[in-house]
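Undergrad: Okay, here's the structure, questions in a sec.
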Amino acid sequence: MRAVTVHPGRTSTLAVSEVTDPDPGPRDLLVDGLALGVCGTDREIISGGYGWAPPGQDHLVLGHESLGRVRQAPPGSDIAVGDLVAGVVRRPDPVPCGACAHGQFDMCRNGRYTERGIKEIDGYGSTSWTVDVDYAVPLDPGLDQAGVLMEPTSVVAKAWDQIDRVGNRAWFEPRTVLVTGAGPIGLLAALLGTQRGLDVHILDVVTGGPKPRLVADLGATYHHEGLEKLGRELQPDIVVEATGVGRLVLDAMTVTGPYGIVCLTGVSTPGRRLAVDAGGLNREVVLENDALLGSVNANLTHFRMAAEALAKADHGWLNRLISRRVPLSRAEEAFERQDGDVKVVLDLEQD
Ligand code: BGC
């Protein structure tokens, strides 16, 4: 079968390769790959800056944003042949640490977790793949191709779950959320914000392309002015930072109202330095009882929350997030950034 492969730690090794067909174990689903979403982590792996091949193998099958249709299911499983499914990314560490032992592998404490398509296990970027039935989540059949948004939605479902838990440490009735960055994570975080009945605002630098309309059609407000000024006006209860841009991350910490929560979701590049008024920042966070948290990955509960959120969303809107579809044979193009991109998807059915 055909798969998108890389040699982690090296540059320019992205290829569409012939690899051995998957051999399902007794607990595995055999799945026909339909589509694969592309994200910044994949680009980082391709550039040689991140990613680990499975032990004893020099290549890694790329891809963690999966969508497939079940071809074969183990007897007695809740998932049936023909179901639309997405696979969970992370697997618990082998020790396991306390968090992994409790199914919270997204919160792994010893860093020895593995991740499909990222860290030591082959990913979902192939024309067929297997997945342990316990790590597959069924999707509303009506979602069709928009089901490829499952994994990024699981990441924002986790972020919202964390925000709720932090907020509920005292009286909590948030009204306004500001999302920085109108990429797929920002837009999906905004979608979940609207589903919670919040007044949602999104800040991004672009003024053209599909983003302003996507935000408006969500019933949210699009902004492109500076964060400081916008923050002063909005005094948001919650900020979801989805750019990873250093200046925005720092500003986000100061723009919330009292008891503000800033949830950081952007994985940034280290090594960039900025001047910070550390005393001023600390003073503000302390005097306002603000909370700052980082959030990454998602466990099974978050995948199920994501499946629900996607099922009740406007499927037409979700499909518009998919701004470009690239056939597997031209995989390289999918990983190149182009103006107007929101979510780029590799079509695993079309070679
Ligand atoms: C994925 C997460 C993963 C993280 C770090 C992100 O792109 O969505 O599932 O944990 O990269 O590897």
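Undergrad: Treating the Cα atoms of the chain as identical point scatterers in vacuum, please give the log10 of the normalised Debye intensity I(q)/I(0) at q = 0.10, 0.12, 0.15, 0.16 Å⁻¹, two decimals.
TA: -0.60, -0.88, -1.34, -1.49
Undergrad: Taking a label point 7 Å from the Cα of THR269 along the Cα→Cβ vector, which residues of region 313-351 have an amide N closer than 11 Å to it?
TA: Correct set: none at all.
Undergrad: Which distance in Å, rounded to a whole number, links the C-alpha centroids of region 298-351 and region 56-74?
TA: 16
Undergrad: Apply the a/c threshold of 1.5 to the C-alpha gyration tensor of region 228-285 and tell me whether it is rounded, prolate or oblate.
TA: Here region 228-285 falls in the oblate category.
Undergrad: Could you check what % of the DSSP bridge pairs in the chain are antiparallel, to the nearest 5? Don't skip to the end; give the middle numbers.
TA: On the way: 29 of 57 bridges.
Counting DSSP beta bridges with both partners in the chain, the antiparallel share is about 50 percent.
Undergrad: Right, next: Between GLU18 and TRP317, what is the spin-label point distance in nm, taking each point 7 Å from the Cα along the Cα→C-beta axis?
TA: Calculated label separation equals 4.6 nm.
Undergrad: What dipole magnitude, in Debye to the nearest 20, does region 154-294 give about its Cα centre under +1 on Lys/Arg Cβ and -1 on Asp/Glu Cβ?
TA: Result for region 154-294 is approximately 320 debye, rounded to the nearest 20.
Undergrad: With only alpha-carbon atoms counted, please give the Rg and Dmax of region 154-294, in Å.
TA: 14.2, 41
Undergrad: Where Lys and Arg each count +1 and Asp and Glu each count -1, what net charge lies around ALA86 among other residues with Cβ under 9 Å from its Cβ? Spell out each step's value before the answer.
TA: Working: positive: none; negative: GLU65, GLU151.
Charge balance in the 9 Å sphere: -2.
Undergrad: Along the Cα→Cβ direction, 7 angstrom out, place labels at GLU173 and ARG196. What is the inter-label distance in nm?
TA: That separation, rounded to one decimal, is 1.6 nm.
Undergrad: Let me ask something additional. How would you order 8-18, 181-191 from highest to lowest mean count of nearby Cβ atoms within 10 Å?
TA: 181-191, 8-18
Undergrad: Hey, another quick one. Please work out the Kirkwood hydrodynamic radius for region 220-351, using every pair of different C-alpha atoms, and report it in angstroms with one decimal place.
TA: About 17.9 Å for region 220-351.
Undergrad: Let me make sure I get this right: for region 187-253, a, b and c are the square roots of the gyration tensor eigenvalues over alpha carbons, sorted descending. Under 1.5 in a/c it's rounded, otherwise prolate if a/b > b/c, else oblate. Which is it?
TA: oblate
Undergrad: Evaluate the charge dipole of the chain about its Cα centre and quote only its size in Debye, nearest 20, assuming +1 on the Cβ of each Lys and Arg and -1 on the Cβ of each Asp and Glu.
TA: The dipole magnitude comes to about 540 debye.
Undergrad: If you don't mind, there's one more thing I want to ask. What area, in nm² and to one decimal, does the C-alpha convex hull of region 90-150 cast on average over all directions?
TA: 5.0
Undergrad: Let me ask another. Under 26 Å Cα to Cα from LYS229, which lysines show up? Leave out anything in the same chain fewer than 8 places away.
TA: Hits, sequence-local ones excluded: LYS211.
Undergrad: Given a Förster radius of 56 Å and the C-beta distance between ARG283 and ASP58 as r, what FRET efficiency does 1/(1 + (r/R0)^6) yield to the nearest 0.05?
TA: The computed FRET efficiency comes out at 0.65.
Undergrad: OK, next. Evaluate the relative contact order of the chain (contact order divided by residue number), counting alpha-carbon pairs under 8 angstrom at least 6 apart; express in whole percent.
TA: Details: 790 pairs, mean separation 66.1, N = 351.
About 19 percent, as a whole number.
Undergrad: Let me ask something else about it. For region 121-213, what class follows from the C-alpha gyration tensor (a ≥ b ≥ c being the square roots of its eigenvalues): rounded when a/c is under 1.5, otherwise prolate if a/b is larger than b/c, else oblate?
TA: oblate
Undergrad: Among LEU234, VAL205, SER268, pick out the residue whose Cα is farthest towards the positive end of the charge dipole of region 154-294, where Lys and Arg carry +1 and Asp and Glu carry -1 on C-beta, about the Cα centre.
TA: Of the listed residues, the answer is SER268.
No value in this document is a laboratory result; all are computed from the given coordinates. Note that this is a predicted model, so its numbers are computed, not measured. A quick note on method: Cβ atoms are made from the backbone with ideal geometry, for glycine too, and the neighbour counts reach across all protein chains shown.
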